[in-house]
Every structure is written in structure tokens, then in C-alpha cells.
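To start, the structure itself, in C-alpha cells.
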Amino acid sequence: SYIQLEISPEYGWETESDQYVTSVEDMMATPTFGNRYVFADLDQTFFATSIRMDWTFTPDMSLQFYARPFINSGNFYHFKEFTTPREYKFNVYGQDTGTLSYSEPDEEYTIDPDGDGAAESFTIDQQDFNFRSIQGNTVFRWEYRPGSTLFLVWQHDRSSNGQQDDFRFQRDFRNLFDSEPTNIF
């Protein structure tokens, strides 16, 4: 009855078919008023858990702990553009229109929206991501005299980004602790 522990894990994935990436000015894009609105499909996977512990030593002294690790990865593919304003219609680069190529060393895509046509090609950076973070705090409470309480608080935060687009729990959880922490006492 002196210790309460609560663990609330979450795991999920979702696929988006209309994730906004960027817009590029192009006067050849007359149907969309001189801009190419670039979208992509996005597969996203995440894991998070809330860990909470309350430990009451005496009615005058307690310790509370809270931590939340979070891992999120996303893979962008099927880059595309709107075809008509106010309609949910896309042309996929490299399939429906134009060409799409990827440069490993530069980590960017080159898109020629109309293939051999007059529109100029443009580049967009690699969009795939892998984000990891952990946040936590610990509060020690001591009421050393009725009405007089001392609190000692520690807040911890760390996060990092990676270019991996796949979700691997062991690798990502292990890398969670590689980043530089921020500690506040």
C-alpha cells in the first residue's frame, strides 16, 4: 500500500496518403496557380510508454517518479503533386508524370515534374526520420514540520534524430540513451 506503480505502453502505426512535403514555385504549373504542392505517402510507427511510481515512506515523506520514452519512425514514398485545385487528385512522380531519382551521397531526391518537358527539375531532401526521446522527473517531498515542506526535483530530457526509416525496437531503445541529456535540479 506504500508503493504504486503504473506502466502504460502504446504501440501504433499509420499510413498517410497525403503528407505535405513542400511547395515549389513553377510558372509551368498553371493548374495550381504557379506552385507545385508536393506530397508523399508516409508509413509511420511509434512506441511510447508512461511509467509512474509513487512511493510513500511516511505520511511526511514521499518520492514520485515519472518517465516517458518515445520512439517514432517514418518512411516517405510515392512523392506526388496536386493535379487540380480543390480536388483530391495527385500525379505520382515517376509513375503518372515526370521522373524521380534519389542520390545516396546527397540524401536528396531530384524531381523532373514533366520528364523531358519545359518545367525545371527541383530537389527535396530525404524526408525519412527516426526520432527518439525520453523525458522524466523525480520529486522527493519531505514535510519536516507541519506547514513546512521541502521539495527536491530532478527533471531529465534527452532526444535524438536519425535517418533510419524503419522501426527497430532494440536498436532505437538502445540509441535512446546515446544522446546528450539535459538535467535540471
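The values are calculated or read from the model by the stated rules, or taken from the named source; none is laboratory data. Every value quoted in this text rests on a predicted model; they were computed, and no experiment measured them. Neighbour counts run over all protein chains shown; Cβ positions are idealised from the backbone, glycine included. Surface areas here come from the heavy atoms of the whole protein model, side chains and all, with no ligands, DNA or RNA. Shrake-Rupley method; radii C 1.70, N 1.55, O 1.52, S 1.80 Å.
Residues in segment 24-58 that are under 21 Å from the mean Cα position of the chain (by Cα) and either outside any strand (DSSP E or B) or polar (S, T, N, Q) (or both): 44, 45, 49, 50. Only a single item in (1) closer than 19 Å to residue 35 by Cα; (2) part of a loop (DSSP other than H, G, I, E, B); (3) open to solvent by 50 Å² or more (accessible area, probe 1.4 Å); (4) not polar (S, T, N, Q) is not met by residue 100, and it is number (2).
Residues checked against (1) open to solvent by 40 Å² or more (accessible area, probe 1.4 Å); (2) hydroxyl-bearing (Ser, Thr, Tyr):
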position	(1), (2)
11	yes, yes
16	yes, no
26	no, no
46	yes, no
49	no, yes
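For segment 128-152, a tally of residues being at pLDDT 95 or above, under 28 Å from the mean Cα position of the chain (by Cα) and open to solvent by 60 Å² or more (accessible area, probe 1.4 Å) returns 1.
The lone criterion from (1) in contact with an Asp or Glu (Cβ under 7 Å, 6 or more places away or on another chain); (2) loosely packed, with under 11 Cβ neighbours inside 10 Å left unmet by residue 33 is number (1). Filtering segment 110-127 to residues that are surrounded by 12 or more Cβ atoms within 10 Å (Cβ to Cβ) and more than 30 Å from residue 170 (Cβ to Cβ) leaves 110, 111, 112, 113, 114, 115, 119, 120, 121, 122, 123, 124.
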